[in-house]
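The block underneath contains the structure these notes are about, expressed in structure tokens.
The values are calculated or read from the model by the stated rules, or taken from the named source; none is laboratory data. Everything numeric in this text was worked out from a predicted model, so none of it was measured. Every residue, glycine as well, gets a Cβ built from its backbone with ideal geometry; the counts of neighbours run over all protein chains shown. Heads up: the accessible areas ignore ligands, DNA and RNA and are worked out on the full protein's heavy atoms, side chains in. Shrake-Rupley method; radii C 1.70, N 1.55, O 1.52, S 1.80 Å.
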Amino acid sequence: MSVALTSFIVFAASQIGTPGPANMALMATGARFGFRAAVPFVAGVALGKQLVIWPVGFGLMQLADRAPGVFVALKFASAAYIIWLAWKVANLRLGQGARTEAAPGFLAGLIVHPLNPKAWAMIVGSFTAFIAPGTPALAATATVATVLLGCQIVLHPLWTLAGAGIAKTVAGTVWEKYLMWTLAALTMASVLFVLFGGGT
């Protein structure tokens, strides 16, 4: 087979299931608004990765080889955006404004992965490490897209549920601000690790 499917599934699950900007955003959204209100955001986050997978699968990285500076600039701009979101999370309080503020919706979730350096690194790694040279682009891209989406459908809601569950325990207590600071710090740490630590 032209795709190392079993090892790729293990890789995908480990990457999607571990802390990163998207999972921290999902957890923070679940904590702030509850799981039910966060469902459109979760769906957007899951499908947003497809906006990266298909262009990469059909040759976007060839363009990156020709204009590497553009992609480096985009990577740092994306990281800056995620860090700005983390700052907003740090200053949220779970019990304030929840009745008047609307939860982020599908479109807000859709842009999370295109602006997430961890997602780009993971997707590029998926193609370079688990797809055999010469594999037809459609077959390779469809396999990567299906496996990653399947893992997201299982794991992204779990992060959102975890946020909602934690919020029920800490909302309105002295621990609330420490929870939000921790979520923000983990988000920033995951971005910085991808940028400077060589992680995926």
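If you go through region 167-178 and keep only what is in a helix (DSSP H, G or I), open to solvent by 60 Å² or more (accessible area, probe 1.4 Å) and in contact (Cβ under 8 Å) with a residue 12 or more places away in the chain, you end up with just 177. Comparison of 62, 96 shows that the only residue that is at pLDDT below 80 and within 29 Å of residue 10 (Cα to Cα) is 62. Among the residues of region 9-34, those identified as over 16 Å from residue 119 (Cβ atoms) and crowded, with 19+ Cβ neighbours inside 10 Å are 27, 28, 29, 30, 31, 32, 33, 34.
Selection of region 101-137 for residues being free of Cβ contacts under 8 Å to residues at least 12 places away in the same chain and within 13 Å of residue 56 (Cα to Cα) yields only 128.
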